[in-house]
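Working notes, beginning with the structure itself.
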Amino acid sequence: MANYKEIVTKTVIGKGRKTFKTEHSLTPENTPNTVLGCWVINHTFSGTNNKNDVSVTGSFDVNVWYSYDADSKTAVTTRNFTYEELLRLRVKEVDQLTNDNEIIVRSLKQPTVQDVKIKGNDVYLNIEKELGVEIVGESKVKIATLEDELPWDDIEEDITEDIDENYVKE
């Protein structure tokens, strides 16, 4: 007959990912003619429990290299963008959500510029990123245990029987 024991352990109680597409704009010092390059750097983020959802706040810098003055000069402009995204995750048991849960956020796809357009003095950027979120909480696991566990065997260390006293011959 088996007895059962409960083990309390940390486990993933909710997990999900989402792709975000956003449009941002910036105004360089000079009126741009052509965008020569554009990149996103310094992406930072963190997640917090927001009732049954996870709120992810973050920021990144966008650098835009552009030409101006009839394509005779170039410059780089930088701007920091912040964001707050709300992710609704399926959680195995809603009553397990507490402020003690650990929220793990990963960038599955770093923010990248998908499209750039110049309209007047402004540069419009379409940026795409993918975030993955895990909620870690406590869970219980039941395991069967045997009632009659075998006892430990005693190990005897009697090595005198195996010694050949005539091994070394003169």
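Here are some notes:
- Qualifying residue in the range 127-145 (condition: open to solvent by 60 Å² or more (accessible area, probe 1.4 Å) and within 26 Å of SER25 (Cα to Cα)): no
- When ARG88, ARG79 are checked against the criterion of being open to solvent by 80 Å² or more (accessible area, probe 1.4 Å), touching a Leu at 6+ places or on another chain (Cβ under 8 Å) and either at negative phi or modelled with pLDDT under 95 (or both), a single residue qualifies: ARG79.
- Conditions (1) outside any loop (DSSP other than H, G, I, E, B); (2) open to solvent by 30 Å² or more (accessible area, probe 1.4 Å); number of the one not met by ASN99: (1)
Yes/no matrix, rows are residues, columns are (1) among the β-branched types (Val, Ile, Thr); (2) closer than 29 Å to THR9 by Cβ; (3) at pLDDT 95 or above:
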| site | (1), (2), (3) |
| --- | --- |
| VAL54 | yes, yes, no |
| VAL94 | yes, yes, no |
| LEU97 | no, yes, no |
| THR112 | yes, no, yes |
| ASN121 | no, no, no |
| GLU128 | no, no, yes |
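- Residue within the range 22-42 that is touching a residue at least 60 places away in the same chain (Cβ under 8 Å), open to solvent by 80 Å² or more (accessible area, probe 1.4 Å), within 30 Å of LYS140 (Cβ to Cβ) and part of a strand (DSSP E or B) present: no
- Residue check for LYS10: of a type in the set (D, E, K, R), surrounded by 12 or more Cβ atoms within 10 Å (Cβ to Cβ), in contact with a strand residue (DSSP E or B) (Cβ under 6 Å, 6 or more places away or on another chain) and modelled with pLDDT under 95: no
- Options ASN52, ASN42: the member that is in contact with a helix residue (DSSP H, G or I) (Cβ under 9 Å, 6 or more places away or on another chain) and over 22 Å from LYS119 (Cβ atoms): ASN52
The values are calculated or read from the model by the stated rules, or taken from the named source; none is laboratory data. Note that this is a predicted model, so its numbers are computed, not measured. Ideal geometry is used to build each Cβ from the backbone, glycine not excepted, and the neighbour counts take in all protein chains shown. With ligands, DNA and RNA removed, areas are computed over all heavy atoms of the protein, side chains included. Shrake-Rupley method; radii C 1.70, N 1.55, O 1.52, S 1.80 Å.
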